[in-house]
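The block underneath contains the structure these notes are about, expressed in structure tokens.
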Amino acid sequence: VIDIGTDSTEPVDYPDIAEAVSNQIISGISSKGILICGSGVGASVAANKFKGIRAAICHDVFSAHQGVEDDAMNVLCLGGGVVGESLALEIIHSFLRAEFKPEERFIRRLEKIKKIEEKNSK
């Protein structure tokens, strides 16, 4: 575990943290990341601006593991003002334990996403 996040109660700008976490994944230092902001929305929007990052807000356990298994999600975004601590821990554990299923349909869809990303990054 690499803690990139804030070390105090002082407000921070979530795009800065999203960039730092995304860079850890893009560089290969980490394979997954977790971002927490008030709703999870801002962190998700910011992280998804980085090529190769597939971030999603998950407020339930099913979405957390399904997003990894089917969609190769590599960043979990949580809303600290939306999800309580015990549920957040369950969601995080589900996300971290999940692995991408290399089934043909999931690979095909991931390749389409990568093509969209390439086309729109020019």
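Is it fair to say residue 69 is outside any helix (DSSP H, G or I), surrounded by fewer than 19 Cβ atoms within 10 Å (Cβ to Cβ) and in contact with an Asp or Glu (Cβ under 9 Å, 6 or more places away or on another chain)?
no
Can you pull out every residue in the range 1-49 that is open to solvent by 80 Å² or more (accessible area, probe 1.4 Å) and not aliphatic (A, V, I, L, M)?
3, 7, 9, 10, 11, 13, 14, 16, 19, 31, 49
Please indicate, with yes or no, whether at least one residue in the range 81-94 is small (Gly, Ala, Ser), surrounded by 15 or more Cβ atoms within 10 Å (Cβ to Cβ) and within 12 Å of the chain's Cα centre (by Cα).
No.
I'd like to check something: does the range 45-58 contain any residue that is over 12 Å from the mean Cα position of the chain (by Cα) and not in a loop (DSSP other than H, G, I, E, B)?
no
Pick from 17, 34, 29: which is more than 20 Å from residue 114 (Cβ to Cβ), part of a loop (DSSP other than H, G, I, E, B) and either of a type in the set (Lys, Arg) or in contact (Cβ under 8 Å) with a residue 24 or more places away in the chain (or both)?
It is 29.
The values are calculated or read from the model by the stated rules, or taken from the named source; none is laboratory data. Everything numeric here is computed off the predicted structure, so don't read it as measured data. As a convention, Cβ positions derive from the backbone with ideal geometry for all residues, glycine included, and neighbour counts pool all protein chains shown. The accessibility values were calculated without ligands, DNA or RNA, using every heavy atom of the protein model including side chains. Shrake-Rupley method; radii C 1.70, N 1.55, O 1.52, S 1.80 Å.
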